Amino acid sequence: MTNDNSLSRELLFEPLTLRGLTISNRIVMAPMTRGFCPDGVPHDGVATYYRRRAEGGAGLILTEGVAVDHPSALGDAGLQECNVPFLAGEASLAGWRHVVDEVHAVGGRIIPQLWHQGVMRKRGTGPYPSAPTLSPSGIWGPLGMTSIDPQSIPADPVIGEPMTEAEIEEVIEAFVRCARNAAAVGFDGIALHGGHGYLLDNFLWEQTNRRDDRWGGDRTRRSAFPAEIVRRIRAAVGDDLPIFFRFSQWKQQDFRATLADNPAELAEVLMPLADAGVDVFDASVRYYNRAAFDGSPMNLAGWARRVTGKMSVAVGGIGASQGMYDKGTSDVAAIDYTPLLQRFANKEFDLVAVGRAMIGDPAWGNKFRSGQLPRPYDQQDVKTLA
Ligand SMILES: Cc1cc2nc3c(=O)[nH]c(=O)nc-3n(C[C@H](O)[C@H](O)[C@H](O)COP(=O)(O)O)c2cc1C
């Protein structure tokens, strides 16, 4: 048994309704690229992998990043870039339909994370090597504290031309097409990857968005492109499906980068997205229990909730003692869930996402509930799909 808490873990096992979706508990599997979808197709092993996490107590699964239906979406990006799934084409849609059915059969819910790599895509790689690498201003960004392998860092930060108006429209349409496909195969909502230095984040970050047209300028204007995607997705899929938006202060280019240095600035970034139709902000940090801004212990998910009035997801080091990018195996027996439960009880956030620990143990949710120790995540686990 792990440490006992004064607050009951049952707090996280209350259902939640978001538009037309009811989730049986507050435990979410965080989106994690796995690279087990050759030719962009999720096969039976992927369906079994997700079904096991739903059976194991994850009320909601956010899938691995799914490439949007545009040639520029995917390539080598310093992560496990190969074999990333698509959400277009007969084989890929049939694969996803099977994944969704398997998860639903055990009472789980599942939402795909739509992903465009933006400046992180290495030119000349991916399923369409001749496609251009697209970004708002053709700028990779300044290098700060990063774990990107030096060979993946471009010698010249200017990696291309600013996206044209036609390219912007094409990419918006690619997101919308995938959202429609997601609804058609039975997914329970739409999630957008707006963090970590990828395309949507390239628009949000002043270092990669130097535009002076309607897609750039101050924080609010830099949110215009992701907000337009949200608006168009909402119009395409109707009112029933919730839209999740993941954002992060940190970028792979620079872990210390920020979009906002205080709550008022955060509101400038997020309100255009909230107004466009985002229901839940997924605030990606490496340690959920760190203060987002000076003067309050509240974390980034808490501030996202506070400034927008929308729901939020906390993530980062919940089931692991080291944050993502920090090496070593977690000492799962030493994890104290009291701060998590206290923050949740204080309504800092509505959902709790668990990443690596859920790769390590598909039954993480059920074990958390009963106080059993989960099998700890080991970095080798990313190499298999179990
Ligand atoms: C193998 C791996 C792949 C990941 N892929 C994605 C991804 O596709 N999209 C995303 O938004 N975050 C991705 N992440 C970040 C996780 O969603 C999560 O935010 C991070 O692991 C921190 O949570 P944790 O401390 O519980 O692991 C990935 C993380 C790992 C370990």
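Remarks
- In the set Pro127, Pro112, only one residue is surrounded by fewer than 24 Cβ atoms within 10 Å (Cβ to Cβ) and within 11 Å of Ala67 (Cα to Cα); that residue is Pro127.
- Looking across the range 15-43 at every residue that is of a type in the set (D, E, K, R) and closer than 20 Å to Met358 by Cβ, the one that is modelled with the highest pLDDT is identified as Arg26.
- Matching entry among Pro339, Pro297, Pro374 (being free of Cβ contacts under 8 Å to residues at least 40 places away in the same chain and either within 16 Å of the ligand (Cβ to nearest atom) or touching a helix residue (DSSP H, G or I) at 6+ places or on another chain (Cβ under 9 Å) (or both)): Pro297
- Candidate set: the range 214-234, residues that are more than 20 Å from the chain's Cα centre (by Cα) and in contact (Cβ under 8 Å) with a residue 40 or more places away in the chain; chosen: the one farthest from Gly65 (Cα to Cα): Asp218
- Test set (1) farther than 30 Å from Phe13 by Cα; (2) within 16 Å of the ligand (Cβ to nearest atom) - Ile110 fails condition number: (1)
- Asp282 meets each of the listed conditions (1) crowded, with 17+ Cβ neighbours inside 10 Å; (2) more than 16 Å from the ligand (Cβ to nearest atom); (3) within 19 Å of Leu200 (Cα to Cα); (4) of a type in the set (Asp, Glu) apart from (2).
- Residues of the range 341-376 satisfying the condition of being closer than 20 Å to Asp282 by Cβ and part of a loop (DSSP other than H, G, I, E, B): Asn346, Lys347, Glu348, Phe349, Asp350, Gly355
- Scanning the range 305-324 for residues that are within 16 Å of the ligand (Cβ to nearest atom) and touching a residue at least 40 places away in the same chain (Cβ under 8 Å), we see that the one that is nearest to Leu270 (Cα to Cα) is Val313.
- Of all the numbered requirements in (1) more than 21 Å from Lys122 (Cα to Cα); (2) loosely packed, with under 13 Cβ neighbours inside 10 Å; (3) under 23 Å from the mean Cα position of the chain (by Cα), Glu165 misses one, and that requirement is (3).
The values are calculated or read from the model by the stated rules, or taken from the named source; none is laboratory data. From a predicted model like this one, the values you see are computed outputs, not experimental measurements. Methodologically, a virtual Cβ is constructed for each residue, glycine included, from the backbone with ideal geometry; neighbour enumeration extends over all protein chains shown.
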